């Protein structure tokens, strides 16, 4: 009997026989435990790759899933799940490109397990808002954080090139990498909340309203994370940095997205309040 550790829309451990279970069976089990109405609304990701049902003949072992593997489960609309499956099958070049990004990040994280990379390449020494270096814990934590940061950086590069769908998939991989790290390591650094904001920013740039409910949840998590790191209304940041507010643009973007999501949810007063606050920050 093997164990699979599930994170995302449902968090927990599933005991199963890898040789007897298929992706479709795992998807159905996660859907049942997360109270999803339909299994095809569940997206499963392992090691940065979306698990596909295929013809149903391959079991989880044949797909490379091992005991204690970490699986990220996300909930999508049924139509979106189908279109994603079709896109993954039709665009092999895009899948290979994303696989190369993942492979490069994995190779880089294995070469540098001391918590930092050469400054001319990429600096990932982490500091909290007090300027104290964050200890990355175990080697697994170190590699998970490194991979998450590298994937996030790659996603930002894709965003600047207006490759929003590609950026969103790489950000999803980054989210998965961070989810494999001890939460205590990431509790007082703002990298994960920023990644959540960047994911919603992708939804906004793609003009895809089907992500609306997910966007609201991500923004709530982002706000909670930023308030934990920066303090309520950036109070901790202002205190530590003598009144300067270098994170002002980040909070402005958060409020802008909160306003857009609230508007599409029919919460007009909440939308107006968020957008007015974002505009005030833009004018500073």
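The values are calculated or read from the model by the stated rules, or taken from the named source; none is laboratory data. Because the structure is predicted, anything quoted here is derived from the model rather than measured. Neighbour counts run over all protein chains shown; Cβ positions are idealised from the backbone, glycine included.
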| With 168, 149 as the choices, which residue is at pLDDT 80 or above and either in the same structural domain as residue 71 (by TED's automatic domain parsing) or under 19 Å from residue 226 (Cα atoms) (or both)? | 149
| Matching residues, the stretch 1-48, being out of contact with any helix residue (DSSP H, G or I) (no Cβ under 9 Å at 6 or more places or on another chain), within 17 Å of residue 66 (Cβ to Cβ) and assigned to a loop (DSSP other than H, G, I, E, B) | 1, 17, 18, 19, 20, 22
| Which residues, taken from the stretch 49-76, are touching a strand residue (DSSP E or B) at 6+ places or on another chain (Cβ under 7 Å) and in a loop (DSSP other than H, G, I, E, B)? | 51, 65, 67, 68, 76
| field | residue 33 vs. criteria closer than 28 Å to residue 210 by Cβ and at pLDDT 85 or above | value | yes
| query | Residues in the stretch 88-96: is at least one at pLDDT below 55, exposed (fewer than 12 other Cβ atoms within 10 Å of the Cβ) and more than 18 Å from the chain's Cα centre (by Cα)? | reply | yes
